[in-house]
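Below is one structure, written out as structure tokens; comments come after it.
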Amino acid sequence: MGTGKPQASGNFRFWYDEQRWEWSDEVAAIHGYPAGSTTPSTELLLSHKHPDDRDYVADAIAKSAANHEPFCSRHRIIDATGTLRHVIVLGDTMTDENGTAIGSIGYFIDLTDSFDQQRQETLDTALPELFEVRAVIEQAKGVLMRIYRINSDQAFRVLQWRSQETNVKLRSLATQLIAELNDLPPCPPQEQTAFDHLLLTLHERIPAR
């Protein structure tokens with residue numbers, strides 16, 4: 001049964017431990033379902049993935065649940081009417097009142113047709129905000145990785161720990177950390193010189209393909 005032209009975008013929530021999904025009526029429409037007619041699940045979502053993309057998306061969902069990281073993907077789906085659609089999924093971390101990562105929250109965006117006004121408005125507002133939030137968290141992780149000589153996952157856990165201890169959203173802590181970096185004393189001259197040399201000679205150590 002057809003549902004007409006689907007909306008350009010809609011939102012979703014995904015709980016890691018339960019692998020439970022909620023989707024808006026717009027996401028249901030992107031998948032070819034009337035509003036409120038079906039309950040989303042990992043199995044249902046995977047059943048709509050293009051066969052060539054199904055394993056990739058299954059791995060992305062499994063990794064999201066296992067590592068408690070946002071679910072993001074670009075892939076193809078076959079909706080309930082048999083129509084092939086290109087979608088992008090952009091996710092952000094969903095936390096509980098203690099700042100613990102419990103799921104992903106974000107958007108499904110239908111890229112099948114040319115961008116109409118509604119889709120352009122989505123790109124102009126919601127998506128840049130998501131990118132900005134994720135960018136500042138990545139910046140904060142990079143600072144912690146350098147200062148404490150830890151890896152990316154460990155840096156995220158440090159931010160998560162401070163979020164839980166202070167009951168402040170992780171993104172707010174990351175933003176404040178980046179804002180206050182200039183208050184730190186400058187690095188010693190020998191460290192600056194060593195980094196300058198590293199930067200200027202990077203090209204000499206890139207492995208040949």
- Message: Return the residues of segment 158-174 that are charged (D, E, K, R) and loosely packed, with under 13 Cβ neighbours inside 10 Å; say none if nothing qualifies.
- Response: Glu165
- Message: Considering only residues that are at positive phi and assigned to a helix (DSSP H, G or I), which ones fall in segment 160-180?
- Response: none
- Subset of segment 181-209, residues modelled with pLDDT of 80 or more, in a loop (DSSP other than H, G, I, E, B) and more than 17 Å from Tyr148 (Cα to Cα), comes to Ile206, Pro207, Ala208
- Query: Are any of the residues in segment 68-84 modelled with pLDDT of 90 or more, surrounded by fewer than 20 Cβ atoms within 10 Å (Cβ to Cβ), of a type in the set (D, E, K, R) and under 30 Å from Ala155 (Cβ atoms)?
  - Reply: no
- Note on the structure: Output for Cβ contacts, cut-off 7 Å, separation at least six or different chains, first residue touching a residue at least 40 places away in the same chain (Cβ under 8 Å) in segment 147-170, second surrounded by fewer than 16 Cβ atoms within 10 Å (Cβ to Cβ), reads Ser163/Lys169; Gln164/Asn98; Gln164/Thr100; Asn167/Asn98
- Among residues of segment 48-67 being modelled with pLDDT of 90 or more and touching a helix residue (DSSP H, G or I) at 6+ places or on another chain (Cβ under 8 Å), the residue surrounded by the fewest Cβ atoms within 10 Å (Cβ to Cβ) is Ala58
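Mind listing whichever residues of segment 87-112 are assigned to a strand (DSSP E or B), of a type in the set (D, E, K, R) and within 20 Å of Gln19 (Cα to Cα)?
Asp92
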- Item | Cβ-Cβ under 9 Å pairs, at least 6 apart or on other chains, segment 183-209 side in the same structural domain as Val143 (by TED's automatic domain parsing), far side in a helix (DSSP H, G or I) | Pro186/Gln192; Cys187/Phe195
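The values are calculated or read from the model by the stated rules, or taken from the named source; none is laboratory data. Small disclaimer: the values here were computed from a predicted structure and weren't measured. Positions of Cβ are backbone-derived with ideal geometry, glycine not excepted, and every protein chain shown enters the neighbour counts.
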